[in-house]
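Below: the structure, in structure tokens.
Computed from the coordinates by the stated procedures, all read-outs in this text should not be read as laboratory data. None of these values were measured; they are calculated from a predicted model. Reconstructed Cβ throughout: ideal geometry from the backbone, glycine too, with neighbour counts over all protein chains shown.
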Amino acid sequence: MPAAGGGERIGAGSVKVGLVLPLTGQGSTVGAALRNAAQLAYDEAQQPDLTLLVEDDRGSPDGARDATQEALRQGAEIVLGPLFAGSVQAAAAVARTAGKPVIGFSTDATVANQGVYLLSFLPQPEVDRVVEDAVAGGKRSFAALIPETAYGNAVEAEFREAVARKGARVAAVERYPAGAPGPAVERLARVIAGPGATADALFLPETADAMPAVAAALTKAGFSPARVRPLGTALWNDPALYALPALQGGRFAAPDRVGFSNFSGRYQARFGSVPPRVASLAYDAVLLTAALSRRYGSQRFAAATLTNGSGFAGVDGTFRFRPDGQSERSLAVYEIRNNAATPVSPASRVLAKPAI
């Protein structure tokens, strides 16, 4: 029902939670799905003692600032959302002044901070997981072919750190302008192609749309995935890639599919449409606030509660927030073969002990 401030309210409990989403403007279709997922979570939590204060951020940082101010004015103890990085920053500035935490849905790890937690699919844990799996399988020499994008910058840093942590070596890294991988593949060929290849794994953090061009350039250069294993992130979790010759036998890390598949079925039964992949974030965020409210009383949204090292169960598996605001997830590893991606290493139900 509409609230006095013009937003919508879900529930009428004593614990007020701001839900800041792009309901108009950029991202409004996804924002509507996030709102629906929040409604589904509230209903499935069996009427928790929550009031969700749904506010429209209009898909912009200015809108996010205004929406967060309104939610806090109405008594929100925590803010869920926004979706975009700039909007999360704007919302966080307002919430920090009020001493309230934010659980944002952006995939940009740079906006995470103390009190600003990202419940999203960050690429860094995916890189760690797929490198860990490769080393466990005997891979010791890693090459990488990385697009010159913000995503590429983020995953290259994590890739180098993950390989070093596991005691393996980085044989070579080549960057390429988005959409033009050919020259970089040629430069890398001495390391990844032919009988003299010195690498035994090749990291390819590329999107599903751009991967066919990369795969074609690799095949042209004589790359053999049977000799040098391709590795990727959850960007590979797309059936359009599963027939590419250069990716056969390749592996990528991603959340376990079963939980989202079940959630998607319930969402479709309720709202009559297929939810976007990120819809589960709002669902998990609402269930988390409901569970913390039941269990922790006045400390429900304290930093020590939100950063509990044991983590929390969600649609996409176990997750936890680090004190720096980034999140860690239990991830499965999938292998591409014969037009399918099959799990070869399941997601753990228990996260490893947090690093000190």
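What the table shows:
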{"item": "Built amide H within the under 5 Å cut-off of residue 146, gap 5+", "result": "174, 175, 176"}
{"item": "Region 244-356 - convex hull of the alpha-carbon atoms, volume per residue in Å³", "result": "136"}
{"item": "Region 235-275: equivalent-ellipsoid semi-axes (sqrt of 5 x gyration tensor eigenvalues, Cα, Å)", "result": "28, 12, 6"}
{"item": "Translational diffusion of region 166-272, µm² s⁻¹ [Kirkwood Rh, Cα pairs; Stokes-Einstein; 20 °C; 1.002 mPa s]", "result": "140"}
{"item": "Dipole in debye (nearest 20) - region 73-157, about Cα centre, beta carbon charges: Lys, Arg +1; Asp, Glu -1", "result": "280"}
{"item": "Computed over the chain: relative contact order in percent, which uses C-alpha pairs under 8 Å that are six or more apart", "result": "16"}
{"item": "Simple Cβ-charge dipole of region 112-232, Lys/Arg +1 and Asp/Glu -1, about Cα centre, in debye nearest 20", "result": "500"}
{"item": "Charge dipole (debye, nearest 20) of the chain; +1 at Cβ of Lys and Arg, -1 at Cβ of Asp and Glu", "result": "840"}
{"item": "Protection proxy ranking, peptides 97-103, 126-132, average beta carbon neighbours within 10 Å, highest first", "result": "126-132, 97-103"}
{"item": "Estimated [θ] at 222 nm from DSSP helical runs (n ≥ 4, -39500 (n - 2.57)) normalised by residues in the chain, nearest 500", "result": "-12000 deg cm²/dmol"}
{"item": "DSSP beta bridge pairing in the chain, given as percent antiparallel to the nearest 5", "result": "40"}
{"item": "Global form of the chain, assessed from the alpha-carbon gyration tensor, a/c cut-off 1.5", "result": "prolate"}
{"item": "Computed over region 129-226, Cα set: Rg, Dmax in Å", "result": "12.7, 34"}
{"item": "Positive-end extreme of charge dipole, the chain - chosen from 162, 272, 36 (charges on Cβ)", "result": "162"}
{"item": "Amide H contacts under 5 Å for residue 8, placed H, 5+ residues apart", "result": "3, 54"}
{"item": "Alpha carbon centroid spacing (whole Å) that separates region 259-288 from region 21-73", "result": "15"}
{"item": "For region 1-140: rounded, prolate or oblate by the Cα gyration tensor [a/c cutoff 1.5]", "result": "prolate"}
{"item": "3J(HN,Hα) from dihedral phi, region 112-123, Karplus parametrisation 6.51/-1.76/1.60, rounded to Hz, x for glycine, proline", "result": "6, 6, 4, x, 10, 9, 9, 9, 8, 8, 6, x"}
{"item": "Amide hydrogen neighbours beyond the local backbone of residue 78, cut-off 5 Å, H modeled", "result": "18"}
{"item": "Note, ³J(HN,Hα) from phi for region 191-196, Karplus 6.51, -1.76, 1.60, rounded to Hz, x at Gly and Pro", "result": "9, 10, 10, x, x, x"}
